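Here's the structure, in structure tokens; my notes come after.
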């Protein structure tokens, strides 16, 4: 890996079945291009039974990664893709993941109800493009000012009830259907995902995580860890260990990306 890539984005991810579940239905992947100021991170939390959930999340991650890698082959460092083309690419990748799950359901018995959440980050220098479906989340720690910003909004029944004022945040642990999603990959042929564009600053830290982590590790915990960070690997290991010590009832997964100083930017193009 080139020196440019090793210093531009510091990235590390972990996934664990957790202390309660016997099977890990989460899947993660990340990669950094060897010629471009590009990092991609992908996280999926499968559902639909042990066999179905694990298969769905891996199918989604593989399809998304393949789509992103193929597109990046045609990009140039001096002609970065526009925001619009990056958003379109993530939407295309998510549709590929959705199609892979729908197709996989027809070839293997016992996985008729499989599906998965998805959160993907495409980072070009300091520009972040996000896509998500479900309740896996993305957070950004702002190093200069200190706050932790939740970048995604859960696609869940509980979040909809919160938005409508039907329940309060303190009521969530007592809601029996708190894990029911309103959107995910593999649920139907047509997929609707939420995309976000933002510009980070040097020192900011991006976190992708499944609900097995964010349900037991608070925003304050995350903020505290990132404020004293020794790097992406140390952050990932510390947050994972915290979720395990708190006996998360679900699989726990995360990817941490620390954004460092970048070189001069080239103008965007619409390639």
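What per residue convex hull volume, in Å³, do the alpha-carbon atoms of the chain yield? Each step should come with its number before you reach the end.
Numbers: hull volume 35.7 nm³, N = 271.
With only Cα atoms used, the chain gives 132 Å³ per residue.
Based on a Kirkwood Rh over C-alpha pairs, give the Stokes-Einstein translational diffusion coefficient of the range 40-83 at 10 °C and viscosity 1.306 mPa s in µm²/s.
Working: Rh = 12.1 Å.
Once the numbers are plugged in, D ends up at 131 µm²/s.
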Per the Cα gyration tensor, the range 100-142 corresponds to an equivalent ellipsoid with semi-axes, largest first in Å, of 31, 12, 5
Extension gain (nm, one decimal) between residue 168 and residue 182, 0.36 nm per residue minus Cα-Cα: 3.2 nm
Only Cα pairs under 8 Å and at least 6 apart count here; give the relative contact order of the chain as a rounded whole percent. 27
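Checking a compactness column here: for the range 147-239, what do you get for Rg(Cα) / (2.2 N^0.38 Å), N being the number of residues? Present the calculation step by step, with values, prior to reporting the outcome.
Working: Rg = 15.7 Å, N = 93, 2.2 N^0.38 = 12.3 Å.
Taking the Cα Rg and dividing by 2.2 N^0.38 Å, one obtains 1.28.
Which ordering of 257, 11 is given by a fewest-first count of other beta-carbon atoms within 10 Å?
Going from least to most buried by this count: 11, 257.
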Mean projection area, nm², convex hull over Cα of the range 47-165: 9.9
What distance in nm lies between label points placed 7 Å from Cα along the C-beta direction at residue 246 and residue 260? 3.0
Taking 1 over the mean of 1/r across every pair of different Cα atoms in the range 189-269, what Kirkwood radius in Å do you get? 14.6
For residue 22 and residue 234, calculate 0.36 nm times their separation in residues minus their Cα-Cα distance, and state this gained length in nm to one decimal. 73.7 nm
Debye intensity ratio I(q)/I(0), log10, the range 84-237, q values 0.20, 0.21 Å⁻¹ (C-alpha model): -1.30, -1.35
Among 172, 222, 255, the residue with the largest mean-square fluctuation in a Gaussian network model of the chain built from Cα contacts under 10 Å is 172
Residue of 254, 198, 185 that the Gaussian network model of the chain assigns the largest fluctuation, springs spanning Cα pairs under 10 Å: 198
Connecting every pair of Cα atoms under 10 Å apart in the chain and solving the GNM, the largest mean-square fluctuation among 119, 64, 157 falls on 157
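Read-outs throughout are calculated quantities, based only on the coordinates presented, and are distinct from any laboratory measurement. As the structure is a computational prediction, the values presented were derived from the model and not from experiment. Every residue, glycine as well, gets a Cβ built from its backbone with ideal geometry; the counts of neighbours run over all protein chains shown.
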